[in-house]
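Visitor: Before anything else, here's the structure in question.
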Amino acid sequence: MERIEKRNCPICDHYNNEILFSQEFVDIKEVTFLRGYEVVVCNNCGFLYADDIPGQKEFDLYYKNCSKYEVKADELTDSQISRFQASLNFIEECINNEEINFEEFRIVDIGCATGDFLRFLKGKGYQDLNGIDPSPLCVKLMKDNHINAKQATINELEEHEKYDFIRLNAVLEHVVDLNYSITQLKKILNKGGYLYLSVPNVQGFKELVNCPFQEFSVEHINYFSKNSLSNLMRKHGFTLIEYQINHNKLYSELETIFRYDDDVTKNNEKIVDDQEAIESIKEYIVRNYRLEREVNEKIKSRIQEQEPIIVWGVGTHTLRQLAKGQLRKCNIKLFVDSNLHYQNKQYNGIPIISPEQLYEYNYKILISSYYGQDSIVDYINKVLKLNNEIVTLYNVEN
Ligand SMILES: [Zn+2]
């Protein structure tokens, strides 16, 4: 496997960085190809990113074959609609004036999974809508919904297709070679066109409530703030037009609109300091070490040595627990996950089964998730109607 042991700072190309945290995962084939990484801060510009990671090709293969985003949604949910409407309001306020109307733009959504935002715009009467995603199944689902869709990664875009507006929602935090990908975007964006980027907002990390180190997930390898994202984009001739932050307990999102002015005189503008983001991530790390100790204690007190258990969920939470936490000392008989890609795989000889296969087993079930915990418990009790004893690890705040 190609591995980038030393990743120069994607923003300033500086070589020296300081390690803030070492993330570790066990290796469940098909669930992740990442065995972990170092969360580092650039000594020069303060950008926060993951170092010692596989190359882009490994990521591309993973998103092509193991997409978690292939969930078919027949109807947009109320919460999706209100989120999309808020995002559309933000975009229109940034772009629309007497001469420019966003509705007339040629729009492309890259890494758009099943194209929910495009379907939302279509419902509003928008015409020129295009979706691009690496997963063949996602592309098929978009086409089923009459969205113009193409299968490609961000690095496989074709130059002859030009757009007025590119949307990248929750994409850049997954990209290894940011500079190459942004160069690709410039090939398909008309000069004066707009780029919408939304990424997790590292400045909000310190206030998030989730399972330990969830922000250092099996997919996220760049941790942006408004300043670092602007630093990166300015280098490529983009001007920040506007930004907004959507923050709740579970996630903090940074939405931005950049215009492609291709103004090279701005390339050498001074990089903006990112001290607040660094403080936020440091505080997040300290608090999550504490949280992880509490979770380990809880597992220790609720599950006896050698007691056979079932673990529900094989995401970031489980992968880290198996590498570093109390869970690695437990007598796990089975894993359960509703993701089809994970089922029929195994870890250390322990099979991963579907929820519907649980009927045959009476072991205690440990819910290895924060976000999904309460709905999983409901599902076990009300849908599967199982009587297994359930162990939860969190008091989920709503
Ligand atoms: Zn840097």
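The values are calculated or read from the model by the stated rules, or taken from the named source; none is laboratory data. Worth saying up front: this structure is predicted, and the values here are computed from it rather than measured. No Cβ is skipped: glycine too gets one built from the backbone with ideal geometry, and neighbour counts run over all protein chains shown. For the accessible areas, the whole protein counts, side chains as well, though only heavy atoms, and no ligand, DNA or RNA atoms are used. Shrake-Rupley method; radii C 1.70, N 1.55, O 1.52, S 1.80 Å.
Visitor: Give me the residue from the stretch 4-22 that is more than 9 Å from the ligand (Cβ to nearest atom) and free of Cβ contacts under 8 Å to residues at least 24 places away in the same chain and, out of that set, farthest from Pro212 (Cα to Cα).
Guide: Tyr15
Visitor: Could you please let me know if Cys45 is away from the ligand (no atom under 16 Å from the Cβ) and either of a type in the set (A, V, I, L, M, F, W, C) or outside any loop (DSSP other than H, G, I, E, B) (or both)?
Guide: No; evaluated as a whole, the condition is false for this residue.
Visitor: Which pairs have Cβ atoms under 6 Å, sit 6 or more apart or on different chains, and link a residue in the stretch 192-213 that is open to solvent by 20 Å² or more (accessible area, probe 1.4 Å) to one that is of a type in the set (S, T, N, Q) and assigned to a loop (DSSP other than H, G, I, E, B)?
Guide: Note: pairs meeting the criteria are Gln203/Ser225.
Visitor: Of the conditions (1) in a strand (DSSP E or B); (2) under 17 Å from the mean Cα position of the chain (by Cα); (3) not hydroxyl-bearing (Ser, Thr, Tyr), Phe258 fails just one. Which one is it?
Guide: Here Phe258 clears every test but (2).
Visitor: Hey, does the stretch 245-252 have a residue that's surrounded by fewer than 22 Cβ atoms within 10 Å (Cβ to Cβ) and closer than 16 Å to Val171 by Cα?
Guide: Looking for residues that are surrounded by fewer than 22 Cβ atoms within 10 Å (Cβ to Cβ) and closer than 16 Å to Val171 by Cα, one finds at least one in the stretch 245-252, hence yes.
Visitor: Six or more apart or on different chains, Cβ atoms under 6 Å: show the pairs whose first residue is in the stretch 31-46 and in contact (Cβ under 8 Å) with a residue 12 or more places away in the chain and at negative phi and whose second is among the hydrophobic types (A, V, I, L, M, F, W, C) and within 9 Å of the ligand (Cβ to nearest atom).
Guide: From residues that are in contact (Cβ under 8 Å) with a residue 12 or more places away in the chain and at negative phi, the pairs are Cys42/Cys9; Asn44/Cys12; Cys45/Ile11; Cys45/Cys12; Cys45/Ile271.
Visitor: Only one of (1) crowded, with 18+ Cβ neighbours inside 10 Å; (2) not in a helix (DSSP H, G or I) fails for Thr239. Which number is that?
Guide: (1)
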